[in-house]
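To keep things clear, I will list the structure first and then write my remarks on it.
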């Protein structure tokens with residue numbers, strides 16, 4: 001085994017919440033944990049920056065782990081309770097990659113997250129589906145189409161500025177048997193390795209990276225939703241449809257319904273004046289029963 005583990009630190013477990021959105025969390029079971037690296041090997045974290053100079057951490061999603069059809073990826077929820085910010089404007093990236101024969105291929109989309117915006121206060125941890133925690137909601141500027149083969153990697157490109165670090169949460173050893181194929185990283189030499197590889201961490205764990213997806217059901221989104229604007233929005237979110245809607249709901253990223261209004265129109269102006277700033281999901285129910293979900297940001 002190439003890398004030596006130092007310690008296990010159990011982090012905050014989040015309380016349960018009602019799930020309202022399609023967030024892929026089912027693979028993440030067991031006790032939320034932080035694994036450290038021995039000081040002799042440079043210190044740091046298994047699922048974050050460390051003395052080995054790892055570049056990325058990512059999770060594979062496919063038909064065995066949550067992907068049940070075509071659609072789009074609208075955001076990526078991350079649980080990164082540990083960071084070191086040198087205060088020089090450092091950042092990291094949340095990324096979706098295509099799957100290329102069992103390894104991450106081309107980047108399909110990404111969003112840059114300034115370290116200064118990562119809130120690591122435990123009591124501010126939010127809750128996604130299956131009662132898993134997250135403190136970063138990375139919302140993609142445009143929804144990312146799920147590849148035709150139904151497979152993609154989701155994770156982070158770690159910060160590279162001197163003095164900047166983050167670490168994602170993992171579950172506990174042996175809680176994720178598919179870590180030999182579905183949890184991975186790029187080393188400092190740009191070679192790809194899985195967490196379950198005996199020549200790497202030799203750990204059967206998953207990382208806390210949870211894609212928010214909008215699976216297609218019946219008609220495609222483009223056949224129903226003409227436009228949703230502006231995004232980010234201030235006081236009003238305008239929704240123009242090609243078919244009448246019956247209801248529009250605003251949902252927080254932890255699955256709580258912030259507002260719902262019944263409508264019988266193909267044009268809706270959603271009042272956001274009392275909604276706090278942050279990332280949300282709009283949910284539109286069309287008159288034919290099709291449900292459309294996507295993300296937006298309230299300024």
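A crude spin-label estimate for the pair residue 260 and residue 55, with each label 7 Å from Cα along the Cβ direction, gives 4.7 nm.
Answer with a single label: of (i) 14.9; (ii) 16.2; (iii) 23.7, which was calculated as mean projected area of the Cα convex hull in nm² from the structure in view? From the options (i) 14.9; (ii) 16.2; (iii) 23.7, the structure gives (i).
For the pair residue 191 and residue 68 in one chain, pulling the backbone fully straight at 0.36 nm per residue adds 41.3 nm over the alpha carbon distance. Taking other Cβ atoms within 10 Å as a rough exposure proxy, 252, 247, 273 sort from fewest to most as 273, 247, 252.
Measuring nothing but how far apart in sequence close Cα pairs (under 8 Å, 6+ apart) lie, relative to its length, the chain scores a relative contact order of 22 percent.
How much of the pair distance distribution for region 221-298 lies past 16 Å, counting alpha-carbon pairs only, in percent? When all Cα pairs of region 221-298 are counted, 42 percent exceed 16 Å. Roughly how far apart, in whole Å, are the Cα centres of region 235-285 and region 143-168? So the two Cα centres are separated by 29 Å.
Subtracting the Cα-Cα distance of residue 123 and residue 148 from 0.36 nm times their residue separation leaves 5.0 nm of extension gain. Eigenvalues of the alpha-carbon gyration tensor of region 50-106, scaled by 5 and square-rooted, set the equivalent ellipsoid semi-axes at 27, 15, 11 angstrom, largest first. In terms of surrounding Cβ atoms within a 10 Å radius of their Cβ, 93, 293 rank from fewest to most as 93, 293. Computed from label points 7 Å out along Cα-Cβ, the spacing between residue 131 and residue 88 is 4.3 nm. Taking 245, 143, 101 in turn, the Gaussian network model of the chain (Cα-Cα springs below 10 Å) assigns the largest fluctuation to 101. Springs between Cα atoms under 10 Å define the GNM used for the chain, and in it the highest mean-square fluctuation of 179, 137, 233 occurs at 233.
Result for the chain in a Gaussian network model with C-alpha springs under 10 Å: among 268, 95, 121, the largest mean-square fluctuation is at 121.
For region 46-164, the fraction of alpha-carbon pairs lying more than 22 Å apart is 36 percent, rounded to a whole number.
So what is the 222 nm mean residue ellipticity for the chain from helices alone, if each DSSP H run of at least 4 adds -39500 (n - 2.57) and you divide by all residues, rounding to the nearest 500 deg cm²/dmol? Could the numbers behind the result be given before it?
On the way: 1 runs with 4 residues, N = 299.
The helix-only estimate for the chain comes to 0 deg cm²/dmol at 222 nm.
Every number here is computed from the coordinates shown, using simple stated rules; none is lab data. What you see is a predicted model, and the numbers here were worked out from it, not measured in a lab. We place every Cβ from the backbone using ideal geometry, glycine too, and count neighbours over all the protein chains shown.
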